[in-house]
Amino acid sequence: MPAPRLRSRSLRRIFRKVPGNRVSLQYREKKPKPAKCGNCGAVLKGIPREMPYRMRGIAKTRKRPERPFGGVLCSRCMRQKMIDKARQ
Amino acid sequence: MIEVGRLVVKIAGRDAGKKGVIIDVLDDKYILIDGETRRRKVNILHIEPLNQKIDIKKNVSHEDVAKALDELGLKVRITKPKPKTQKPKAKRKTPEQLRVQKEEKKKLRDIFRHKKKEQKSEVKQEATLEEKAGLSEEKKEGAKAEKPVEAKPKEKKTSSKKAERSKE
Ligand SMILES: [Zn+2]
């Protein structure tokens, strides 16, 4: 029986092969899904995949790219948007 | 489309969405722009040319660009040059100053060394004197006296134990 604090599902479980050719159950912190582009759904780069309480401790400039729509749209979609705007 | 005086919008990077004018065409890949962005070399793929065109010469100054764009209602990015601050230079000591410094250090070192030596020697001498005076004899006597005291109870204990065993 695991320790009481490990019986909740607030930690994710992984199976790791450990020395001695043994498979043991280990517990890891959960992580949220990676950030996605609001237009095409591609995974955004340059955005750390951390829990909100950890995100609070990170500087703003380290949490998204430093450009218009950074952290919302991928660079490809942003460029297309800018071109559309210019051609109106 | 790509020519000096053409208005462009930057579509990539931190300046995306900002307007500017082409000042110079460097080659078939790169141009020089100025305006809402700082004056910079830009890849043609990173800009979108607009329909407007203004009359400016090649490689005009930033002020002229600002005037031309002001009529169109565009605000030019003005970067203030940072005030130059002079760092205090690390002063090198002249050889004479270094010599003086060394001498002072030596003096201090010598003072402490002498003191330590004197203290040690004094202590040693005193100790030896005391021993000579008769402490050594006392110590020997004390040691002699102590040893039998320690030894006697052991004998007693052992003897008592033996006695107990014999009794049992
Ligand atoms: Zn996208």
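Every read-out reported here was derived from the displayed coordinates using simple, explicitly stated rules and does not represent laboratory data. Keep in mind the model is a prediction, meaning the values are calculated, not measured. So basically every Cβ, Gly included, is an ideal-geometry build from the backbone, and we count neighbours across all protein chains shown.
Points worth noting:
- Remark: the range B:27-44, residue by residue, has Karplus-estimated 3J(HN,Hα) of 7, 6, 10, 10, 10, 10, 10, 8, x, 5, 8, 6, 5, 7, 7, 9, 6, 4 Hz, where x stands for each Gly or Pro and the curve is 6.51 cos²θ - 1.76 cosθ + 1.60 at θ = phi - 60°.
- Here the Karplus relation 6.51 cos²θ - 1.76 cosθ + 1.60, evaluated at θ = phi - 60°, turns the backbone of the range A:32-44 into coupling constants of x, 5, x, 5, 10, 5, x, 9, 9, x, 6, 5, 7 Hz, with x for every Gly and Pro.
- In a fully extended conformation the segment linking B:Asn43 and B:Arg14 would gain 9.0 nm over its present Cα-Cα distance, using 0.36 nm per residue.
- Too-long pairs where the Cα-Cα distance tops 23 Å, listed order kept, from B:Lys29/B:Lys58; A:Lys63/B:Lys80; A:Lys85/B:Lys80; B:Lys41/B:Lys75; A:Lys45/A:Lys81; B:Lys19/B:Lys80: A:Lys63/B:Lys80; A:Lys85/B:Lys80
- Note on A:Gln88/A:Cys40: beta-carbon distance plugged into 1/(1 + (r/R0)^6) with R0 of 25 Å gives a FRET efficiency of 0.75.
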